[in-house]
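Reading through the structure tokens given below for one structure.
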Amino acid sequence: MKLNKPFLVVFLIQTIYAGMFLFSKAAFNVGMNNFIFTFYRQAIATVFLAPFALFFEWRSSPSLSYKTFWQIFIMSLFGITLSLDLYGIGLTYTSASMGAATTNCLPVITFFFAVLFRLEVWRINTASGIAKLVGVVLCLGGATILALYNGPALKLGTHFHLFGPPTVTHGPHVQAHSSATWIKGVFILLSGNSFWALWLVMQARIMKEYPSKLMFTALSCFLSSVQSFILAIAVERRPSQWILGWDIRFFSVAYCGIVVTGVAYCLQAYVIEKRGPVFLAVWTPLGLVITMLCSVLLLSEIITLGRILGGILLVGGLYCVLWAKTQEQSIIPTSCSTVDDNNKGNLEFKNIDVTKNSSPVSLYIQK
């Protein structure tokens, strides 16, 4: 049982993220404003994480300089606030399964920004470099198919609408409108993922100056909640939209704020410690499969051939990049095997540091 525990935990993590896509879409289907949703989600996450951050890292955390604070503020604005707001808009225009599908391209987008900012070297004449190129091409192809091609619908016999009546997105009277909004929604989702990937790249530099992870996460959530409130109050001022009852809207924001940001964060840390970050990343497509099945059964979303083909290409691009990263990391100990005994301690530290920083594990924290 001890050997299988990481597999059970990683399955639970992907189930949690599938629930995030489903509950978010369900809240939007009943009319909840996505800007208000982002504010409540980040506010609840702040309330949940702040006591743990203060208890475990208040005394050990370094002093927060003025420069570092504003760096965290700017990164929270683009990487969390705008990313989640764009994600909510894109999810409103598309579906829960599409939100899960586009998440698979995050490692590829992050790799692109890392190369652009010279945080990673791309050697195209190596096997790993070619694999990365193939991964980028597959992700571009998958995103294009998801946006522009539907194909025949794949229907199940029955649907159980757990979260209310289905949303009409197909049919002869709405096909032209739904096609336009669908394309818009896909590119908005990809834009939100691009903001998130950019934040991940810049996060590495900030964490070097402020390495307290819990304090950093809690502060980012707090700043994001303030920013989200300003944006939400500017867009929506009707009091009725801000009131949360004991319904799917309250459950959705509580689930995303507590379970996704809090519980999933701890579970991911456990998996990374036991099996490494690549093990966590390779299970990402499982979240897409769970989301797709549940969205068909519970939200009455229609899955088409184009969305399946696009999802397969995105998953293929993800695995190409992960394989390339694994190959590069396996070379590190081999190339340093002749180091003398006096440097063995330094070698071990460098191996661990490189593995963590070059992996896509950060893609799943706070999302």
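Among the criteria (1) within 12 Å of residue 96 (Cβ to Cβ); (2) assigned to a helix (DSSP H, G or I), the one residue 273 does not fulfil is (1).
Scanning the stretch 63-79 for residues that are open to solvent by 50 Å² or more (accessible area, probe 1.4 Å) and either within 19 Å of residue 256 (Cβ to Cβ) or more than 24 Å from the chain's Cα centre (by Cα) (or both) gives 63, 64, 65, 66, 67. Scanning the stretch 251-260 turns up one or more residues that are open to solvent by 40 Å² or more (accessible area, probe 1.4 Å), among the aromatic types (Phe, Trp, Tyr) and in contact (Cβ under 8 Å) with a residue 12 or more places away in the chain. Going through (1) open to solvent by less than 30 Å² (accessible area, probe 1.4 Å); (2) modelled with pLDDT of 80 or more; (3) out of contact with any Lys or Arg (no Cβ under 7 Å at 6 or more places or on another chain) one by one, residue 171 falls short only on (2). Among the residues making up the stretch 29-46, those that are touching a residue at least 60 places away in the same chain (Cβ under 8 Å), crowded, with 21+ Cβ neighbours inside 10 Å and out of contact with any Cys (no Cβ under 6 Å at 6 or more places or on another chain) are 32, 35, 36, 37, 38, 39, 40, 44. Filtering the stretch 10-49 to residues that are over 17 Å from the mean Cα position of the chain (by Cα) and more than 20 Å from residue 89 (Cβ to Cβ) leaves 44, 46, 47, 48, 49.
Which is under 30 Å from residue 205 (Cβ atoms) and either acidic (Asp, Glu) or surrounded by fewer than 22 Cβ atoms within 10 Å (Cβ to Cβ) (or both), of 12, 82, 49? Don't jump to the end; show me each part of the working.
Numbers: 12 fails: under 30 Å from residue 205 (Cβ atoms); 49 fails: either acidic (Asp, Glu) or surrounded by fewer than 22 Cβ atoms within 10 Å (Cβ to Cβ) (or both).
When all the criteria are applied, what remains is 82.
Checked against (1) surrounded by fewer than 17 Cβ atoms within 10 Å (Cβ to Cβ); (2) basic (Lys, Arg); (3) assigned to a helix (DSSP H, G or I), residue 237 passes all but condition (3).
The values are calculated or read from the model by the stated rules, or taken from the named source; none is laboratory data. Note that the structure is predicted; figures quoted are calculated from it, not measured. Cβ coordinates were reconstructed from backbone atoms using ideal geometry, including for glycine residues, and neighbour counts include every protein chain displayed. Note: areas computed on protein heavy atoms with side chains; ligands, DNA, RNA excluded. Shrake-Rupley method; radii C 1.70, N 1.55, O 1.52, S 1.80 Å.
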